[in-house]
1. Taking the Cα centre of the chain as origin and charging only Cβ (+1 Lys, Arg; -1 Asp, Glu), how large is the dipole, in debye to the nearest 20?
2. Put +1 on the Cβ of every Lys and Arg and -1 on every Asp and Glu Cβ in the chain; which of Ile168, Val5, Ala48 then has its Cα farthest towards the positive end of the dipole?
3. Taking only Cα atoms and a 10 Å spring cutoff, compute GNM fluctuations for the chain and point out the largest among Val50, Val131, Val75.
4. Considering only C-alpha atoms, what is the centroid distance from the range 89-131 to the range 153-174, in Å?
5. Grab the DSSP H runs of the chain that are 4 residues or longer, score each as -39,500 (n - 2.57), total them, divide by all residues and round the 222 nm result to the nearest 500 deg cm²/dmol.
6. Can you give the net charge of the other residues whose Cβ lies under 15 Å from the Cβ of Val140, counting K and R as +1 and D and E as -1?
7. Using only the alpha-carbon atoms, how far is helix 162-180 inclined from the longest principal axis of the chain? Give it as 0 to 90 degrees, nearest 10.
8. In Å, what is the Rg of the alpha-carbon atoms in the chain, and how long is Dmax?
Amino acid sequence: MPHFVTLLGSLRKGSYNNIIAGALPALAPEGVTITALGSVGAVPHYDADVQAQGWPQAVTAMAGAIRAADGIIIVSPEYNYSVPGVLKNAIDWLSRLPEQPFKHKPVLIQSASPGAMGGARMQYHLRQSLVFLDARVFNVPEVMVGAVHNKVNEPAGELIDQGTRDFIAKQLTAFATFAQA
């Protein structure tokens, strides 16, 4: 059965997207495992001079985990109608590795926002970068959790809306099939 890793585009421990990402292992189909990658906050700002000195450990560890996984689930908020800088930075580092880990890798995108669109614009921008990286991006069903503040128990860090849980479970089942194809 497949093993997936999650790449979280938020730094805040109590973020809505972290709550969504934390719910994924329990919502995955039987036999599918999901584990979190290291924080994008551990990846230094991309700098070719730093790269010339050697690859940062946070980047090589993340790349190794992505390569070993059967797919990647990116869970991210939307910042200013686009991809958060920390997520884009991590992707920029990973894309420069000699064996770029996104190439032909199944990728699932999820987002959550207090707004009605649930991070849709971020997802469309992220898809553009992933096309360039030759990732196999899963298309439907899409998960964009709008009004997420009404669907989580923030103090407990739990996704409590049953309809959202069911829809995410449906998406994970479809992604598992996609990743094995």
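Every number in this text was worked out from the coordinates using simple rules, so none of it is lab data. Since this is a predicted model, take the numbers as computed values, not measurements. Glycine also receives a Cβ, built like all others from the backbone with ideal geometry; neighbour counts cover every protein chain displayed.
1. Here the chain has a charge dipole of around 140 debye.
2. Ala48
3. Among Val50, Val131, Val75, the largest mean-square fluctuation in the Gaussian network model of the chain belongs to Val50.
4. 21
5. -12500 deg cm²/dmol
6. +2
7. Roughly 40 degrees, rounded to the nearest 10.
8. Computed over the Cα atoms of the chain, radius of gyration and Dmax are 15.5, 49 Å.
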